[in-house]
1. Post the alpha-carbon centroid distance, the range 10-73 to the range 198-266, in whole angstrom.
2. Just in the range 21-107: which GluC sites (Glu not before Pro) are loop by DSSP and have at most 16 other Cβ atoms within 10 Å?
3. List, in order, the whole-Hz ³J(HN,Hα) value for each residue of the range 36-52 obtained from phi through the Karplus relation with A = 6.51, B = -1.76, C = 1.60 and θ = phi - 60°; use x for Gly and Pro.
4. Under the rule that an exposed site lies in a DSSP loop and has at most 15 other Cβ atoms within 10 Å, name the longest stretch of the chain with no trypsin sites (Lys or Arg not before Pro) of that kind, not counting the sites themselves.
5. Just the C-alpha atoms of the range 224-296: what Rg/Rh do they give, with Rh taken as the Kirkwood radius?
6. Averaging over all projection directions, find the projected area of the Cα convex hull of the range 13-152 and quote it in nm² with one decimal place.
7. Got a sec to turn the phi values of the range 92-107 into Karplus ³J(HN,Hα) couplings, 6.51 cos²θ - 1.76 cosθ + 1.60 with θ = phi - 60°, whole Hz, x for Gly and Pro?
8. Note down the relative contact order for the chain as a percent, whole number, built from C-alpha pairs under 8 angstrom at least six residues apart.
Amino acid sequence: MAMMERPQVTDCKGGRCWENEFASFTMKVFVPDNDLDGQTNNYGFRAPLLLVFEEEKQDMESAVNFAHDTGLADLAARYDSSVLFIYPTAEGGWSSCDSSLYADVIAEIKMIQVYKDGIVENFNFFTKTFEGFFARGAIFRADIYSFGKSADFVAKNLLKKIDGEYLWGPGEITPAMCSMENLSVMPDVERKDIAILSVGNSDEVNRAFADCEHLLIKDKAEYISDYDSFVKKFKMWCGKIEFEPDFDELNMTEDTGFVEVTTTDDNEFLPEKTPTHKVGYFAYYNKGLMDKGPVP
């Protein structure tokens with residue numbers, strides 16, 4: 001069920017953070033500081049949904065330190081995003097859960113451009129009703145990082161087609177990437193197209209991943225380089241794995257900008273109506289195109 005009251009946000013090392021307990025899990029959210037104007041340029045469509053499935057429940061300070069130590073904080077800041085830490089409320093922890101837990105998590109996440117502190121307000125434009133507060137994130141870029149007991153949960157429950165609350169209603173919410181570290185069980189791999197990052201696992205476990213279409217095997221996680229070389233390639237769009245273009249390989253540049261326009265009387269989208277407002281854009285063009293001056 002959506003949060004009907006905004007969670008309390010506090011300052012923490014290198015950013016802001018908040019926590020909420022839902023029926024089946026607790027969620028801690030760390031929003032690292034960055035220099036991006038995410039209110040004007042919507043990085044949400046490019047931002048990974050960084051889900052850390054904690055092996056054991058930790059406090060907020062430990063979670064924030066983990067985000068910094070691993071580099072996940074830097075990845076989130078790169079895209080004006082957050083790091084979400086998940087732990088089940090069920091007695092017995094991860095061993096008591098099935099894929100419905102993941103569906104519960106995804107149901108509390110939405111990609112809405114108007115946000116603050118990693119929190120979106122879901123106001124239904126058509127019915128003129130407030131439908132709650134949600135964590136901000138692109139569920140079609142769900143990248144799960146799991147360890148030990150939580151990795152066992154992922155290996156046994158999430159490597160398959162999963163349905164739940166998608167972008168605009170019921171749909172497929174299969175994760176794009178699952179990182180599993182120090183598994184103690186053999187994985188049940190039903191979907192071969194989910195990107196798999198196998199970290200510190202036995203040869204026997206890695207053989208079980210052999211038929212996966214997108215597989216990276218590591219002795220030790222290197223979060224930023226693993227993301228740049230492997231994880232960021234993938235998104236699960238409407239149940240189909242798709243690949244992000246590599247702009248360096250295409251010899252292209254991604255640029256951001258904005259124009260300032262007059263605010264019309266019927267503009268109900270802005271959280272605070274001002275005489276003018278910025279409209280952001282992303283531009284893609286060949287490298288060197290503007291070296292000799294502006295292009296008409």
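1. If you average the Cα positions of each part, the centres end up 18 Å apart.
2. For GluC sites (Glu not before Pro) across the range 21-107 that sit outside H, G, I, E and B with at most 16 neighbouring Cβ atoms in 10 Å, the list reads E56, E91.
3. Values, residue by residue: 7, 9, x, 6, 9, 9, 7, 7, x, 6, 9, 7, x, 8, 8, 9, 9 Hz.
4. Answer - 58-127.
5. Rounded to two decimals, Rg/Rh equals 1.12.
6. The directionally averaged projection comes out at 8.6 nm².
7. Computed from phi, the couplings for the range 92-107 are x, x, 4, 5, 9, 10, 10, 5, 5, 4, 4, 4, 5, 4, 4, 5 Hz.
8. Here the relative contact order equals 15 percent.
Quick note: the coordinates plus some simple rules give every number you see, no bench work behind them. Note that the structure is a prediction, hence the values are computed from the model and not measured. Cβ atoms come from the backbone with ideal geometry, glycine included; neighbour counts cover every protein chain shown.
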